[in-house]
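Below: one structure, written as structure tokens.
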Amino acid sequence: MPWRKFILSTSAPRSRQSCPLCGTLSAAPWQVAHGRPYQRCGQCRLTFLEPSHLPSRAAEKAEYDLHENDPADPGYRRFLAKLLDRMLPLIEPGSQGLDFGCGPGPAIATILREQGHHMVNYDPVYVPDRDCLSRQYDFVTCTEAVEHFHVPARDFAILQRLLKPGALLGLMTQPLTGDIDFPNWWYAREISHVSFYAPETFEWLASRLGWELILAEQSVWIFRKL
């Protein structure tokens, strides 16, 4: 299906930006959502907030602090089960894992430790221990975090380095599909959500980074590093 094109009427023309994922000049002004202007890349299909509108770290943290990610909350555990129920059967017993972007409540690490796995947490705001980024793991989880990446190329390169050959990467994020009314989309309402991925974006990433996309189901994406 061809991608729809949208023309914005603005007081000043918006210039093309370099795509923060693939690095090409294939991006062009696309739509405005919740008062913020976005561009879409014609190569990797990433939709991203224009850099001049990116939120500060302080503004992001103020939003993150409102999230209630309690490991003891049954509802939050059910939410994470969308990924973990699909990923756990693929992980060897006693594996070493990292939760990338764990947030203030490291629920995934708690759940996976209960299953006998060895877990490390990393979050640039709440657990900024970069020493753990110098090691490799049997699997990495990254739930509701990739949409916060200001520079996805940098952060996916980090994820690539964290994975041993054959390791699994499990992502959760809401995909931006062609049937979504982007200017009114609830997922674009949060100011810290600045990067949105079409299914084609993850296919591009897998091809570019040498990953096998082994599961794509609603908001869940599981890759294996080849």
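The values are calculated or read from the model by the stated rules, or taken from the named source; none is laboratory data. In this text the structure is predicted, and so the values were computed from the model without any measurement. Every residue, glycine as well, gets a Cβ built from its backbone with ideal geometry; the counts of neighbours run over all protein chains shown. Accessible surface is based on the protein model in full, side chains and every heavy atom, while ligands, DNA and RNA are left aside. Shrake-Rupley method; radii C 1.70, N 1.55, O 1.52, S 1.80 Å.
The table that follows gives values for the structure above.
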{"read-out": "ASP129 open to solvent by less than 80 Å² (accessible area, probe 1.4 Å) and acidic (Asp, Glu)", "value": "yes"}
{"read-out": "All strands (runs of 3 or more DSSP E) inside the range 180-226 with 1 or more residues being farther than 19 Å from ALA167 by Cβ and open to solvent by less than 60 Å² (accessible area, probe 1.4 Å)", "value": "195-197"}
{"read-out": "Where a residue in the range 47-70 is farther than 24 Å from ALA27 by Cβ and its partner, wherever it lies, is open to solvent by 70 Å² or more (accessible area, probe 1.4 Å) and in a helix (DSSP H, G or I), with Cβ under 7 Å and at least six apart", "value": "none"}
{"read-out": "Matching entry among LEU112, LEU88, LEU83 (being assigned to a helix (DSSP H, G or I), farther than 18 Å from PHE223 by Cα and of a type in the set (A, V, I, L, M))", "value": "LEU112"}
{"read-out": "Residues of the range 167-179 satisfying the condition of being open to solvent by less than 40 Å² (accessible area, probe 1.4 Å) and assigned to a loop (DSSP other than H, G, I, E, B)", "value": "THR173, PRO175, LEU176"}
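To keep it simple, each residue is scored yes or no on (1) closer than 16 Å to SER195 by Cα; (2) more than 19 Å from the chain's Cα centre (by Cα); (3) buried (at least 16 other Cβ atoms within 10 Å of the Cβ).
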position	(1), (2), (3)
CYS41	yes, no, yes
THR47	yes, no, yes
SER56	yes, no, no
ALA62	no, yes, no
ASN69	no, no, yes
ASP73	no, yes, no
ARG78	no, yes, no
ALA81	no, no, no
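For (1) modelled with pLDDT of 95 or more; (2) touching a Phe, Trp or Tyr at 6+ places or on another chain (Cβ under 8 Å); (3) farther than 18 Å from ARG154 by Cα, each residue gets a yes or a no:
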position	(1), (2), (3)
PRO13	no, no, yes
VAL32	yes, yes, yes
CYS41	yes, yes, no
CYS44	yes, yes, no
LEU49	yes, yes, no
ARG57	no, no, no
LYS61	no, no, yes
